[in-house]
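Presented below is the structure to which this report refers.
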Amino acid sequence: MTKEEKIKEAAAEEVTVAAEEVTEEVEEVAELEALRQELEAVKAQAAEYLDGWQRARAEFANYKKRNEQERQDLFKLANTTLITRLLPIFDDFERAFQTLPSNLLSLTWIDGVALIYRRLQAILDGEGLSPMETEGQSFDPLVHEAVTYEESAEHQEGQIIGEVQRGYKLGDRVLRPALVRVAKGKPESEAEAGEGGGQ
């Protein structure tokens, strides 16, 4: 083999080795690219799973809150229904004590009935029941129910004259509107006479 052939063969060998090295590098780069794509796909899937998990966790928390609120609303409704049914009995106690003859006040059984009334009142107060004040107030259809409209020289038009049945609130909510008598303006003939007499 001549020197030239040896050089050509050495060069060919170097080219072959270089080509193999380049091929290996290209394969490594391709493998790295494939691994990067696979990693991105796994990251995307993990992010999707995390997002789904977080959404499910938030939905469950909302479900728990909603369930607790519904339970409390149901409890309030049950209490409201019971208290509404007890109010006529409470009214009967009040009417009985208002009309009780003074000669019976010293009897011990009256004290026992008064104790029952006070205990019932304490229970209702504890549940948030409060009577509505009507005396001297202006008529408000949201909390009052007018039974009669009466002429009154001592009261302004729309002012409550008297209470027929006490109204109650449970917290801020009207449980039973107060039945009231409301003052109305002077009759037109009197109003005209008052205007004409002043001239």
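The values are calculated or read from the model by the stated rules, or taken from the named source; none is laboratory data. Because the structure is predicted, anything quoted here is derived from the model rather than measured. Every residue, glycine among them, receives a Cβ derived from its backbone with ideal geometry; neighbour counts consider all protein chains shown.
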**Q.** Candidates Glu48, Glu24, Glu14 - the one that is at pLDDT 90 or above and acidic (Asp, Glu)
**A.** Glu48
Q: Test each condition in (1) of a type in the set (Val, Ile, Thr); (2) assigned to a helix (DSSP H, G or I); (3) surrounded by 11 or more Cβ atoms within 10 Å (Cβ to Cβ); (4) without any contact (Cβ under 8 Å) to a residue 60 or more places away in the chain for Ile83 and report the one that comes out false.
A: (4)
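Okay, residues lined up against (1) within 30 Å of Gly185 (Cβ to Cβ); (2) of a type in the set (D, E, K, R); (3) surrounded by 10 or more Cβ atoms within 10 Å (Cβ to Cβ); (4) at pLDDT 90 or above:
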| position | (1), (2), (3), (4) |
| --- | --- |
| Ile89 | no, no, yes, yes |
| Gln98 | no, no, no, no |
| Asn103 | no, no, no, no |
| Leu124 | no, no, yes, yes |
| Leu129 | no, no, yes, yes |
| Met132 | yes, no, yes, yes |
| His144 | yes, no, yes, yes |
| Val147 | yes, no, yes, yes |
Q) Can you name the residue in the range 118-151 that is touching a Phe, Trp or Tyr at 6+ places or on another chain (Cβ under 8 Å) and in a strand (DSSP E or B) and is also nearest to Leu86 (Cα to Cα) among such residues? A) Leu129
Q | the range 89-108 - residue that is among the aliphatic types (A, V, I, L, M) and part of a loop (DSSP other than H, G, I, E, B) and, of those, nearest to the chain's Cα centre (by Cα) | A | Leu100
Q) Can you find even one residue in the range 98-119 that is out of contact with any helix residue (DSSP H, G or I) (no Cβ under 6 Å at 6 or more places or on another chain) and closer than 30 Å to Asp73 by Cβ? A) yes
